[in-house]
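Undergrad: Just dropping this structure here.
The values are calculated or read from the model by the stated rules, or taken from the named source; none is laboratory data. Note that the coordinates shown come from a computational prediction; the quantities given were computed from them, not determined experimentally. As a convention, Cβ positions derive from the backbone with ideal geometry for all residues, glycine included, and neighbour counts pool all protein chains shown.
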């Protein structure tokens, strides 16, 4: 099969996050963060993030036993989501803060960790015009 030179990856189908206790991780992602739970098998759990599947799994080998990439969850009202998640026991690394002023919006973020030390973030693009 030949691939065109202009080909580029764009759509993410699934993101895997290593966790040590799948049942506790399900509680965090489903109950604290409110992500739509899909299903669970021994050692695996799946969630729907607006069409992108999130997989939580126990690391099968040592090279996978480390915190994963930062996931940025886009939200409309960062302050309100920050308050709700804080009330649910999510401990943030910082308060919502301005990251960059763009031509037509300001980019705000707040970072937190899951129960396995994976860094996650909330991001909000606030229109300025």
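Undergrad: Return the total of residues in segment 22-47 being at pLDDT 95 or above, closer than 18 Å to residue 57 by Cα and in a loop (DSSP other than H, G, I, E, B).
TA: The number of residues fulfilling the criteria is 2.
Undergrad: Turning to a different aspect of this structure: Checking the structure you have, find out if any residue of segment 92-110 is modelled with pLDDT of 90 or more, exposed (fewer than 12 other Cβ atoms within 10 Å of the Cβ) and touching a helix residue (DSSP H, G or I) at 6+ places or on another chain (Cβ under 7 Å).
TA: Checked against the condition, which is being modelled with pLDDT of 90 or more, exposed (fewer than 12 other Cβ atoms within 10 Å of the Cβ) and touching a helix residue (DSSP H, G or I) at 6+ places or on another chain (Cβ under 7 Å), segment 92-110 yields no hits at all.
Undergrad: Quickly run through segment 101-119 and pick out the residues that are over 19 Å from residue 81 (Cβ atoms) and part of a strand (DSSP E or B).
TA: 101
Undergrad: In a loop (DSSP other than H, G, I, E, B) and either exposed (fewer than 15 other Cβ atoms within 10 Å of the Cβ) or at pLDDT 95 or above (or both): is that true of residue 76 in this structure?
TA: yes
Undergrad: Tally the residues that are assigned to a loop (DSSP other than H, G, I, E, B) and closer than 21 Å to residue 20 by Cβ, restricting the search to segment 48-73.
TA: The qualifying residues number 10.
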